[in-house]
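Inspection log for the structure reproduced underneath, given as structure tokens.
The values are calculated or read from the model by the stated rules, or taken from the named source; none is laboratory data. If you're wondering where the values come from, they're calculated on a predicted model, not measured in any experiment. All Cβ positions, glycine included, derive from the backbone under ideal geometry; neighbour counts span all protein chains shown. Quick note on the areas: whole protein, heavy atoms, side chains included, nothing else; ligands and nucleic acids left out. Shrake-Rupley method; radii C 1.70, N 1.55, O 1.52, S 1.80 Å.
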Amino acid sequence: LEADLLLASGQYQEALDKYDALLESAREDRRLRAELLRGRAEALCRLDRGAEAIRPAAEAAELFDAIGAQADAAWARYWLAGAHYLTDNTAEAQGIYQQLLAQERAGLQVAPDFRFRLLTQLANTEAWDGSAERALTYMEEARSLLGDISLRQRAAFLSGLSLQYRRAGDLEGSIRVGHESLALYRVAEAERD
């Protein structure tokens, strides 16, 4: 719990250290080991250490599969895809994200915002590969799922969407969505953002 709280509060290195210490004693309990490996993979991804995150994310996914924990395995694969993205292996990241999106659309329930996360990550990988139009379609689908998020989160999303419009060559759309983003940042009193 302490490691998870450190991770959630943005103290990624401290969380990673805790996960590493806990992994030493979690050899027998497969579920606990899988949870610790998944946490370790997330911490590594958030520290931009994608190459190091691949192994724990893959192992966590396999362990969760072995015990029949599909939703947990999907979360582990989400971080596995993120690790591949961080190592510039966008084709592998896209494949994993698309597989997860297909499972989610087929009824796998992971988290309330899981589809939104997948769509925005797919948009990022498409944009990285220079496919601005495909990135924009994923962002627009994600936009329809915004639902109940904070003003600041909505502003950040719209800022990213504005960039996708610009990359796609739609400067008018980029400016319109950019203005929406700025207005939300002002309302949220997020001057730095």
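Answer yes or no: is there a residue in segment 49-63 that is in a loop (DSSP other than H, G, I, E, B), open to solvent by less than 40 Å² (accessible area, probe 1.4 Å) and closer than 30 Å to Arg27 by Cα. No; the residues of segment 49-63 include none that is in a loop (DSSP other than H, G, I, E, B), open to solvent by less than 40 Å² (accessible area, probe 1.4 Å) and closer than 30 Å to Arg27 by Cα.
For every residue, the table says whether it meets (1) in contact (Cβ under 8 Å) with a residue 40 or more places away in the chain; (2) touching a His at 6+ places or on another chain (Cβ under 6 Å); (3) more than 23 Å from Leu161 (Cα to Cα).
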site	(1), (2), (3)
Ile54	no, no, yes
Asp65	no, no, yes
Trp79	yes, no, no
Val110	no, no, yes
Asp113	no, no, no
Leu118	yes, no, no
Thr125	yes, no, no
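Selection of segment 142-168 for residues being closer than 23 Å to Asp129 by Cβ and open to solvent by less than 60 Å² (accessible area, probe 1.4 Å) yields Ala142, Ala156, Phe157, Leu158, Ser159, Gly160, Leu161, Ser162, Gln164, Tyr165, Ala168. Kindly establish whether Ala81 is assigned to a helix (DSSP H, G or I) and surrounded by fewer than 22 Cβ atoms within 10 Å (Cβ to Cβ). The answer is no for Ala81. Flag: Tyr19 matches the condition of being hydroxyl-bearing (Ser, Thr, Tyr), open to solvent by less than 50 Å² (accessible area, probe 1.4 Å) and touching a helix residue (DSSP H, G or I) at 6+ places or on another chain (Cβ under 8 Å). Can you confirm whether segment 84-106 contains a residue that is within 21 Å of Leu23 (Cα to Cα), surrounded by 17 or more Cβ atoms within 10 Å (Cβ to Cβ) and among the aliphatic types (A, V, I, L, M)? No, because not a single residue in segment 84-106 is within 21 Å of Leu23 (Cα to Cα), surrounded by 17 or more Cβ atoms within 10 Å (Cβ to Cβ) and among the aliphatic types (A, V, I, L, M).
For segment 1-14, a residue qualifies if it is out of contact with any Asp or Glu (no Cβ under 7 Å at 6 or more places or on another chain) and farther than 21 Å from Leu63 by Cα, and the qualifying residues are Glu2, Leu5, Ala8, Ser9, Gly10, Gln11, Tyr12, Gln13, Glu14. May I ask you to verify whether Arg30 is within 26 Å of Phe157 (Cα to Cα) and in contact (Cβ under 8 Å) with a residue 12 or more places away in the chain? Against the criterion (within 26 Å of Phe157 (Cα to Cα) and in contact (Cβ under 8 Å) with a residue 12 or more places away in the chain), Arg30 does not qualify.
Scanning segment 98-130 for residues that are assigned to a helix (DSSP H, G or I) and of a type in the set (Gly, Ala, Ser) turns up Ala102, Ala123, Ala127.
Taking the numbered list (1) over 26 Å from Ala135 (Cβ atoms); (2) modelled with pLDDT of 95 or more in turn, Ala41 passes all entries but (1).
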